[in-house]
Amino acid sequence: MWTIPNLITIFRVLLIPVFVIVYFLDWRWANELGAFIFWFAAITDWFDGYLARKLKQSSEFGAFLDPVADKLIVAAALLMITHRYADVWITIPAILLLMREIYVSALREWMSQKGLSSSVKVSFLGKAKTMTQMLALIGLLSGLETFMGVTIYWVTLGYILLYIAAVLSAWSMLEYTRSAWAALRTNTLKN
């Protein structure tokens, strides 16, 4: 349990309250620092997976905790951007992204109980959704459109990437459902 990758994942979970508290501090650069902490947590997600494979320290605990840590910090960030922007055009994709996370997690758990977890393992589409979602959240959390007098359009890019992530999210949800369809259909017919 106390492997380096698992410790990094636990660290990522512990970063969540730090990220939230820093983000809402009454300080000029609080949003940017909060976005940086979120970015750092996203990097640790890649790093712990890499180390688990490289050091041959994959574990059942790590396989459980890693996606939970991801979902917790992403859910916190999605709630924070809906609060910050208070805009239906942020709220709709944020809700879609949260719904997909809950649905796919439940589907994976159910398929695992059936001994069919390999049919709903993480796909390239799911990874693309995650990367796009993380970049969108960093941009929206930062609130930056200019930095040191240079126009960078992070928020605008964040809006665009959030919608791309929502589309990829719906698409991947349908793909996971299609992959699990035979088991879902068989189970439905039995009941």
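Which order results if THR177, THR44 are arranged by neighbouring Cβ count within 10 Å, fewest first?
Ascending Cβ contact count within 10 Å gives the list THR177, THR44.
Subtracting the Cα-Cα distance of SER123 and ILE152 from their residue separation scaled by 0.36 nm leaves 7.3 nm.
Find out how many positive minus negative residues lie around GLU101, taking Lys and Arg as positive, Asp and Glu as negative, among other residues whose Cβ is under 12 Å from that of GLU101.
Values: positive: LYS71, ARG100, ARG108, LYS129; negative: ASP70.
Value of the local net charge: +3.
The label-point distance for VAL18 and TRP46, in a model that sets each label 7 Å from Cα toward Cβ, rounds to 2.0 nm.
For LYS129, the lysines whose Cα comes closer than 27 Å to its Cα, not counting residues fewer than 8 places off in the same chain, are LYS54, LYS56, LYS71, LYS114, LYS121.
Binning the C-alpha pair distances of the stretch 57-133 at 10 Å intervals from 0 yields a P(r) profile of 16, 46, 28, 10, 1 %, listed from the shortest bin outward. In a reduced charge model with +1 at each Lys and Arg Cβ and -1 at each Asp and Glu Cβ, the chain shows a dipole moment near 740 debye about its Cα centre. Taking 7 Å steps out from each Cα toward its Cβ at ILE95 and VAL68 produces label points 2.8 nm apart. GNM on the chain, alpha-carbon springs under 10 angstrom: the most fluctuating residue among ALA35, ALA69, ALA106 is ALA106.
What net charge do the residues around THR3 carry, taking every other residue with its C-beta under 15 Å from that of THR3, with Lys and Arg at +1 and Asp and Glu at -1? Before the final figure, lay out the partial values.
Numbers: positive: ARG12, ARG53, LYS54, LYS56; negative: ASP48, GLU60, ASP66.
That sum, taken over residues with Cβ under 15 Å, equals +1.
Oblate is the label for the chain, because a/c, from the alpha-carbon gyration tensor with a ≥ b ≥ c as root eigenvalues, is 1.5 or above and a/b does not exceed b/c.
How much length is gained if the chain between GLN113 and PHE36 is pulled fully straight, taking 0.36 nm per residue apart and subtracting their Cα-Cα distance, in nm to one decimal? Could you put the intermediate results ahead of the total?
Numbers: separation 77, 0.36 × 77 = 27.72 nm, distance 3.77 nm.
Gain in length upon complete extension: 23.9 nm.
Highest GNM mean-square fluctuation among VAL74, VAL20, VAL122, for the chain modelled with Cα contacts below 10 Å: VAL122.
Under the definition of Cα pairs under 8 Å and six or more residues apart, what whole-number percent is the relative contact order of the chain? Contact order relative to length: 23 percent. In this Cβ point-charge picture (+1 for Lys and Arg, -1 for Asp and Glu), the stretch 48-89 has a dipole of about 160 debye about its Cα centre.
Under the definition of Cα pairs under 8 Å and six or more residues apart, what whole-number percent is the relative contact order of the stretch 11-50?
On the way: 22 pairs, mean separation 15.2, N = 40.
Computed value for the stretch 11-50: 38 percent relative contact order.
Dipole of the chain computed with +1 at Lys/Arg Cβ and -1 at Asp/Glu Cβ about the Cα centre; of SER58, ILE8, GLY143, farthest Cα towards the positive end is SER58.
Laboratory data are not the source of any read-out in this text; all were calculated from the coordinates shown. Nothing here was measured: the structure is a model prediction, and the numbers come from that model. Positions of Cβ are generated from backbone atoms using ideal geometry, with glycine treated the same way; all protein chains shown enter the neighbour counts.
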